[in-house]
Amino acid sequence: MEQRLTIVGLGVNDLIKATQFYEEKFGWKKTVSSNDNISFFQLNGVLLSLYSREKLAEDAQVPHEGNGFKGFTLAFNTRSKEEVDSLFSEFQVNGVTVVKEPEEVFWGGYSGYVSDLDGNLWEIAFNPFLSMDEEGNTLEE
């Protein structure tokens, strides 16, 4: 199997509210292929999809109940510590739930966490060991 990630699919409790969160709080735009049942956001080389949590669990044939830590996080890497702080300032003004304020972290970077409406954790980080191209794609050193 090729090393590739095509879509990150998030099961959400309310598609309309979840879509509004990503549009209004993160400032992202839905793709034209989005519809009343699913929302897509084109990221740099990967799609983020929002779909009914119950329907997504049904498709995978697993129970949809569950809460607490989901066992994964999503990450948005910035080009500087200042960009992390700037994003957190915007998030706070826009009412985004801050789970952990940005701070120097054990691995040598600077990061904090925010949560979307369904409790999905986004790490907003500056990693001084990570190189990115102009589009924000990571580059192997």
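Residue selection: Asn44 satisfies the criterion of being touching an Asp or Glu at 6+ places or on another chain (Cβ under 7 Å) and not small (Gly, Ala, Ser).
When Gly112, Gly108, Gly71 are screened for being at positive phi and within 18 Å of the chain's Cα centre (by Cα), only Gly71 passes.
Is region 49-66 home to any residue that is among the β-branched types (Val, Ile, Thr), exposed (fewer than 13 other Cβ atoms within 10 Å of the Cβ) and under 26 Å from Ser34 (Cβ atoms)? Yes, there is a match, as at least one residue in region 49-66 is among the β-branched types (Val, Ile, Thr), exposed (fewer than 13 other Cβ atoms within 10 Å of the Cβ) and under 26 Å from Ser34 (Cβ atoms). Regarding region 78-85, can at least one residue be identified that is under 25 Å from Arg4 (Cα atoms) and either at pLDDT 95 or above or buried (at least 16 other Cβ atoms within 10 Å of the Cβ) (or both)? Yes, region 78-85 contains a residue that is under 25 Å from Arg4 (Cα atoms) and either at pLDDT 95 or above or buried (at least 16 other Cβ atoms within 10 Å of the Cβ) (or both).
Selection of region 100-112 for residues being surrounded by fewer than 19 Cβ atoms within 10 Å (Cβ to Cβ) and of a type in the set (Phe, Trp, Tyr) yields Phe106, Trp107.
A single entry from Gly66, Gly45, Gly95, Gly71 fulfils the requirement of being modelled with pLDDT of 95 or more and not acidic (Asp, Glu): Gly95.
Quick one: how many residues across region 108-125 are of a type in the set (Asp, Glu) and not in a loop (DSSP other than H, G, I, E, B)? Count: 1. Taking region 1-107 and the helices (runs of 4 or more DSSP H) fully enclosed by it, the elements with 1 or more residues that are assigned by TED's automatic domain parsing to the domain that holds Asn120, free of Cβ contacts under 8 Å to residues at least 12 places away in the same chain and β-branched (Val, Ile, Thr) are at 81-93.
The values are calculated or read from the model by the stated rules, or taken from the named source; none is laboratory data. Being a predicted model, the structure only gives us computed values, none of them experimental. Glycine also receives a Cβ, built like all others from the backbone with ideal geometry; neighbour counts cover every protein chain displayed.
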